Amino acid sequence: MTATVLPGSRFAVARQVADAVLFEGYVLYPYRASAAKNRLRWQFGVLVPPAWGPAHDEHSFQRTELVMEPRGAATLAVELRFLHAQRRAVEEARPDGSFAPVPELHLPDRVLVPWDEGTEERVEMTVPVAELEEGEVCLPFVRPARQEIEPVLGADGREVGRLVRRTERADGVLRLRAEQLDVPYRAFKLTVVVENTSDWTPKADGSGGANRDAALPRSLVAAHLLLGLSAGSFLSMTDPPEWARASIATCANLHTWPVLAGEPGSADVVLSSPIILEDHPGIAPESIGAMYDATEIDEILALRTAALTDQEKREARGTDARAAAVIDLADTMPPEVLERLHGAVRALREVTDPGAPGPDRIPELFEEDAVFKPETPWWDPAHADPADPARDRILIDGTSVGPGSRVLLRPGLRRTDAQDLFLRGRAAQVEAVLHDVDGGVHLAVTVEGDPGADIRREQGRFLYFQPDEVAPLEDV
């Protein structure tokens, strides 16, 4: 086994999503260290020292298990990525040449404050699959403690202070093994464990730091894996072939979740992430860059950021270099780029731009049978008639369904809201049949046995399902 630098092209597409995972919530709007939401940080994929984790409901390891079908003399490429927190102190220059810690250091363009920065770390290796069959392969790694000093110059070029960055030692290990499965094809269950092996122990008296802030610099933050096969493929955890379903069911993933990544339709790259994703996740093409708050709200973030006061922007620029980049991005964004962020709903592409091809990663939204469509558009000024009885009922499995009908709820066909999955198999009463502007049909329902059903009817607050998410029930 040898640790090597991996070919960049293999993980290029997957790394775009991995970057979003790595920096999810890194610094949140309004991008200032003083903001309440930025005072409790590092929430995803934090692998803490073993001495800290058990007593504080945090984890020192994550385990990825999945099924792979290597071909020939395939090799497995592994890339562990995480953030290593480094503590930044701000010191002001004194007349005698010494420096003293201060809570703020004001400069013309920014206000520097103490802050924990995150440096990206990678642990890379390749190993033949045949070697994994023979037994467990381990790769220990160490990120040593260090200290860096950066002078801070004023407008006149004089040194007015300095930034002192201190990074604590972080230790870890990668453990890999492959177990051949008893199935009709040559397939293996791959297990990859990432573990924090730091021997740091908090002192009970608090002198050595007995809180999370002391543990974080020794932690692996936002830890996730990129896995790639030189020949062969991985199997989807959510949509495996029938022969592999039993094997997939035995995979136990702890504190992480593997999905197929890379180009849509490919299966030779996996991203194992502490944030649950679907197969072949992707960054919205309209996204203008990392804003660390979730890409689906880029437009509102850009508008809100541009509206910050000059003082707020100075504080954000002094908080973190990545926060400063967000401020500059919002301030210099051309109108045509901002316009691109508005109204980009790919599910409606066939309505808003019928000639444009839909993205490959969600082809099911554009299939003819994927969305129930009425015979005519929802809004036709020449034929608008809100009191049309024919539109108050629809046929589902040959049964006429309308207000008062009983149906069995079957959510989940199109990535329904997770809370709706709790309603699977429940009976409900149809309150209304609604037609939307996109040509779709929705059933407004109340769940039988819901003690708040009467209040929902009074307020018009219903649950909504599409016709193929319900089955008619006989009225009783």
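Laboratory data are not the source of any read-out in this text; all were calculated from the coordinates shown. As the structure is a prediction and not an experimental result, all values here were calculated from the model. Heads up, the Cβs are rebuilt from the backbone with ideal geometry, glycines too, and the neighbour counts pull from every protein chain shown.
If we count every other residue with Cβ under 12 angstrom of Arg81's Cβ, Lys/Arg +1 and Asp/Glu -1, where does the sum land?
Net charge around Arg81: -3.
For the peptides 50-57, 76-83, 308-315, 464-471, what is the packing order when you average, over each peptide's residues, the other Cβ atoms within 10 Å and list the highest mean first?
Most protected by this proxy first, the peptides run 76-83, 464-471, 308-315, 50-57.
Return the inverse of the average 1/r over all pairs of distinct C-alpha atoms in the range 96-230, which is the Kirkwood hydrodynamic radius, in Å to one decimal.
Taking every pair of different Cα atoms in the range 96-230, averaging 1/r and inverting gives 19.3 Å.
Give the value in nm², to one decimal: projected area of the alpha carbon convex hull of the range 1-155, averaged over all directions.
14.2
If we count every other residue with Cβ under 12 angstrom of Ala145's Cβ, Lys/Arg +1 and Asp/Glu -1, where does the sum land?
So the environment of Ala145 carries a net charge of +4.
Lys and Arg at +1, Asp and Glu at -1: add these up for the other residues within a Cβ distance under 10 Å of Ala428 and post the number.
Overall, the nearby charge balance is -1.
Below 20 Å, Cα to Cα, which aspartates and glutamates can Lys203 reach? Residues fewer than 8 away in the same chain don't count.
Candidates past the 8-residue exclusion: Asp57, Glu58, Glu168, Asp171, Asp213.
With point charges of +1 on the Cβ of Lys and Arg and -1 on the Cβ of Asp and Glu, referenced to the Cα centre of the range 103-198, which listed residue (Ala170, His106, Phe141) lies farthest in the positive direction of the dipole?
The listed residue farthest towards the positive side: His106.
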